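Each remark here refers to the structure printed beneath this line.
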């Protein structure tokens, strides 16, 4: 089972948070349940999901912000050790890029200070001049020029895209093996997002970095990544090579996500066809009291008896493509390709005798 | 951006007032004796409880002492108590509040316990007891007592702020690249609290000046030193209010009020700059917007 | 949908039939610092009855400023310094200029003629009032004869309209999920049967699946209740699917207007092209895309000439001195472009000196 070619691996990790309600009652939020990811050097995996799907929690588990409740995280096949020294050693190899470039740089420090401190900690052998050279080199590697000028600026003097580049430069100063990107482009202006993705792409190609790209935007995941994993309500529902996963989703939720994403190239007939039937698709469940069985079953038009009681096992579909869905166990997988999610929902609703017209009037 | 606060008239006025009192505290006694030629402690038997006049600009008290001289002389004592107590109180608040907020967990629990203990302690009776016990040891002890008993509220606020700054991404990010805790506290977190700490210091200073006056009023003070508190206390002793000797207690009272006003002005001004919502309602913004609207209308009128 | 509108009309002339909003030369400035900052410059467009007009732009493009000016929700330091916002009522009365109305007369038009849906539903919903009470407040403010009971009944009806069950009318906003809150905010905006709803990034804060549900509902309601929509967002790929026509804003100006189909098939302004190429495709073959190099201009110190020229790959001589006006394309009367590469047929010099 153990595969040495993975640089970072999370095996069946779960994270449960305890929160206190207004009445002081402790409740358990099951943010991540039984999730596994594995990163190869030079490989890029996208983790796609909506807010509350657990993708950010999983990234933070991998960044050691919290310990997992269950399961284990392996760095080059070795389980994590506890303690501050081990954490420091871990963070010399695994770095996280935050979502908000405005929040992840201290507004009171110049760019040079931030990078210089990082270099002092990780390359203690360097003298002052050496660090100056490295700062320029790092800024040039993330395409910030003129580097010497940028180094003297405060974060508020830089645009969002420039700041995010500084954040990436800081992470690179550590010379990590793994970069975790927690929605690194979602707060940037549309026109500069792709440039950031191109930069990440270049880093993995040039330096063999392993990259975990966390996003809610499946189109950008396709642009950057080789493989895509989809999370729903704390569980992983499907993972596979990008074209297979988007072209022929094998889990109803993946299908819903792909069909809901804007795609002007779809070339479908009219607006009515694109949006028709899409007004009653339901919402993700609460993670305090998630549904039994498959967590997607209350919204799923294909749901059957097993889905309500038992968590679906993993079905391997070849080429590293797998999914957790009972349809595959019961030989009903073919139904997915024949219809759209929204019309399947409309069809079940019609069959159930619930008059949609009634709720519409 | 850093010196922007100097553009607010409130901040400027407040700082100017505070600077004035600071100068008075530094050079006041010298000025009174050598420029005005007044000995604030000397009793002029020929002028007992005289209203303001050419000879005594602010009149004299029951003992024939010059009130102007006493007010200026008292500035030093009151300000010293204020400064010292505020320094001690703010330092304690920073030392307890910031680590509590930054580290959280057990350290937070312990430090929070101490803070709460001081918060619920009946401070005034305690000060009375301690000050009574240490009777006769002078202004410094009074400042120490005020400072040591008056830091808990500020520590609470600082703890909350430090907690919020510590959970910001830039602190996490620097921790992730391996920055040490003490550097995270002093170079990443603390600089974001300087505004708050400065404003707390000003508050603590007013509080201490008032507390000194209050304690003096209750008879806990060093009677040999002139301060605003002792002035008001002796005016009270001699029933100055009933006898209409307003010039005896109004000047020191006014000074205390002015210091309070100055500190509040600085705080209000800083607040406006820090909070853009307040800025939109600022009269200059509204005025500027109106002027722009007017000129736009005029130009539009000419065009059509 | 494709009825040609006339060329520039003299002020005060009647607009084309079926127009609900006619914005002319709207300029909004911020009175900050020494000289005012122009966040919206000479913005003109028309909105037809029942149409969905998309406004796309990045941060700093002036799209939010435009929204607050249209709805008259702006606060100092923002000031509308020029232009008209002519609103044509359903009743055929002469158009009113919303930009010139005083607060009292403006109130008559809010909710009944024009309403707004904001990015965050919590900006529109009062957290300490039950949903029904908020709806009742709005309904009764515009129809004094309505009893409280009837108003609550109407509130429940409005909620079912957007797919929220009627018994939720007694809930507080925080008891609803984010998606439901946004739907409730839309129902509230529709409470008094407006002819125009301005939507400011109404689905940016919700996930794609919820976004699709909300938009499906908006489209259905629009067919039933017949209102026009100004839909502002940074997501051009969504607008291409949703809107009838799209206006692209850059640095406070409209740089291109056209039908969604035309903008999809043949974007003419280099900025529109760049923006189109900033959204990676979901199914089409992947190529390396670059987005648009550089960053949007600082409005305090806009570049001379065309504001896009510093980032434009196609700039030629004149781009840095001449400000191209928004001119109608010869082939497609629905299409307007502000670019020197597309000189206007009537104005061969192409552009005004600045």
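Selection of first residues in the stretch A:268-285 that are more than 18 Å from residue A:350 (Cβ to Cβ) and of second residues that are surrounded by fewer than 18 Cβ atoms within 10 Å (Cβ to Cβ) and modelled with pLDDT under 80, restricted to Cβ pairs under 7 Å at least 6 apart or on distinct chains, gives the following pairs, ordered by first then second residue: A:274/A:268. Residues that are within 14 Å of chain B (Cβ to nearest Cβ), in contact with a helix residue (DSSP H, G or I) (Cβ under 8 Å, 6 or more places away or on another chain) and in a loop (DSSP other than H, G, I, E, B) within the stretch A:111-126 comprise just one, A:123. Checking each residue in the stretch C:318-335 for being without any contact (Cβ under 8 Å) to a residue 24 or more places away in the chain and either farther than 27 Å from residue A:192 by Cβ or surrounded by 16 or more Cβ atoms within 10 Å (Cβ to Cβ) (or both) picks out C:319, C:327, C:330, C:331.
Residue count for the stretch C:75-133 under the criterion of being surrounded by fewer than 19 Cβ atoms within 10 Å (Cβ to Cβ), in a helix (DSSP H, G or I) and at pLDDT 90 or above: the result is 1. Checking each residue in the stretch A:88-110 for being assigned to a helix (DSSP H, G or I) and either touching a strand residue (DSSP E or B) at 6+ places or on another chain (Cβ under 7 Å) or at the interface with chain B (Cβ under 9 Å from one of its Cβ atoms) (or both) picks out A:88, A:90, A:91.
Is it the case, given these coordinates, that residue A:161 is farther than 18 Å from residue A:113 by Cβ, within 13 Å of chain C (Cβ to nearest Cβ) and outside any loop (DSSP other than H, G, I, E, B)? Yes: the conditions hold for residue A:161. Among the residues of the stretch C:297-304, is there at least one that is touching a strand residue (DSSP E or B) at 6+ places or on another chain (Cβ under 6 Å) and more than 12 Å from every other protein chain (Cβ to nearest Cβ)? Yes, some residue in the stretch C:297-304 is touching a strand residue (DSSP E or B) at 6+ places or on another chain (Cβ under 6 Å) and more than 12 Å from every other protein chain (Cβ to nearest Cβ).
Pairing residues of the stretch A:57-78 that are surrounded by 17 or more Cβ atoms within 10 Å (Cβ to Cβ) with residues that are modelled with pLDDT of 90 or more and part of a loop (DSSP other than H, G, I, E, B), at Cβ distances under 6 Å and at least 6 apart in sequence or on separate chains, gives A:61/A:68.
Restricting the stretch C:155-173 to residues that are within 28 Å of the chain's Cα centre (by Cα) and either within 14 Å of chain A (Cβ to nearest Cβ) or surrounded by fewer than 17 Cβ atoms within 10 Å (Cβ to Cβ) (or both), the residue that is nearest to residue C:112 (Cα to Cα) is C:158.
Against the numbered list (1) in a helix (DSSP H, G or I); (2) within 30 Å of residue C:156 (Cβ to Cβ); (3) in contact with a helix residue (DSSP H, G or I) (Cβ under 8 Å, 6 or more places away or on another chain), residue C:275 comes up short only at (2). Has the stretch C:188-203 got at least one residue that is more than 10 Å from every other protein chain (Cβ to nearest Cβ), buried (at least 19 other Cβ atoms within 10 Å of the Cβ), assigned to a loop (DSSP other than H, G, I, E, B) and without any contact (Cβ under 8 Å) to a residue 40 or more places away in the chain? For the stretch C:188-203, residues more than 10 Å from every other protein chain (Cβ to nearest Cβ), buried (at least 19 other Cβ atoms within 10 Å of the Cβ), assigned to a loop (DSSP other than H, G, I, E, B) and without any contact (Cβ under 8 Å) to a residue 40 or more places away in the chain: present.
Summed over the stretch A:142-157, the residues that are closer than 18 Å to residue A:101 by Cα and part of a helix (DSSP H, G or I) give a count of 5. When the stretch B:124-148 is limited to residues that are surrounded by fewer than 19 Cβ atoms within 10 Å (Cβ to Cβ) and under 19 Å from the mean Cα position of the chain (by Cα), the one that is modelled with the lowest pLDDT turns out to be B:124. In the set C:90, C:105, only one residue is assigned by TED's automatic domain parsing to the domain that holds residue C:24, closer than 25 Å to residue C:49 by Cα, in contact with a strand residue (DSSP E or B) (Cβ under 9 Å, 6 or more places away or on another chain) and in contact (Cβ under 8 Å) with a residue 12 or more places away in the chain; that residue is C:90.
A single entry from B:208, B:240 fulfils the requirement of being crowded, with 20+ Cβ neighbours inside 10 Å and either within 14 Å of chain C (Cβ to nearest Cβ) or at pLDDT below 80 (or both): B:240. Among residues that are at pLDDT 90 or above, surrounded by fewer than 18 Cβ atoms within 10 Å (Cβ to Cβ) and within 14 Å of chain C (Cβ to nearest Cβ), residue A:247 is included. Screening the candidates A:60, A:85 for the property of being more than 14 Å from chain C (Cβ to nearest Cβ), farther than 30 Å from residue A:187 by Cα and not in a loop (DSSP other than H, G, I, E, B) yields one hit, A:85. The helices (runs of 4 or more DSSP H) found entirely in the stretch B:132-184 include none that carry 2 or more residues being under 22 Å from residue B:86 (Cα atoms) and in contact with a strand residue (DSSP E or B) (Cβ under 6 Å, 6 or more places away or on another chain).
The residues on offer are C:241, C:224, and the sole one that is within 13 Å of another protein chain (Cβ to nearest Cβ), surrounded by fewer than 24 Cβ atoms within 10 Å (Cβ to Cβ) and within 30 Å of residue A:248 (Cα to Cα) is C:241.
Only one of the listed residues (A:206, A:195) is over 12 Å from the mean Cα position of the chain (by Cα), in a helix (DSSP H, G or I) and at the interface with chain C (Cβ under 10 Å from one of its Cβ atoms). That residue is A:195. In the set A:256, A:281, only one residue is within 14 Å of another protein chain (Cβ to nearest Cβ) and within 19 Å of the chain's Cα centre (by Cα); that residue is A:256. Within the stretch C:59-74, the set of residues being touching a helix residue (DSSP H, G or I) at 6+ places or on another chain (Cβ under 8 Å) and crowded, with 23+ Cβ neighbours inside 10 Å comprises C:69, C:70. Residue C:210 passes every criterion in (1) surrounded by 23 or more Cβ atoms within 10 Å (Cβ to Cβ); (2) touching a residue at least 60 places away in the same chain (Cβ under 8 Å); (3) at the interface with chain A (Cβ under 9 Å from one of its Cβ atoms) apart from (2). Please tell me if residue C:254 is in the same structural domain as residue C:50 (by TED's automatic domain parsing), within 24 Å of residue C:65 (Cβ to Cβ), crowded, with 20+ Cβ neighbours inside 10 Å and modelled with pLDDT under 90. When the stated conditions are applied, residue C:254 does not pass them.
Exactly one residue among B:72, B:88, B:12 is modelled with pLDDT of 90 or more and either in a helix (DSSP H, G or I) or within 23 Å of the chain's Cα centre (by Cα) (or both), and that residue is B:88. Pairs meeting the criteria (first residue in the stretch C:272-284 and more than 7 Å from chain A (Cβ to nearest Cβ), second residue crowded, with 18+ Cβ neighbours inside 10 Å and in a loop (DSSP other than H, G, I, E, B), beta carbons under 6 Å, at least 6 apart or on different chains) are C:273/C:267; C:276/C:267; C:277/C:289. Condition check: at pLDDT 90 or above, assigned to a helix (DSSP H, G or I) and more than 14 Å from chain B (Cβ to nearest Cβ). Does residue A:129 satisfy that? It is true that residue A:129 is at pLDDT 90 or above, assigned to a helix (DSSP H, G or I) and more than 14 Å from chain B (Cβ to nearest Cβ).
The values are calculated or read from the model by the stated rules, or taken from the named source; none is laboratory data. For clarity, every value in this text was computed on a predicted model and none was experimentally measured. Cβ coordinates were reconstructed from backbone atoms using ideal geometry, including for glycine residues, and neighbour counts include every protein chain displayed.
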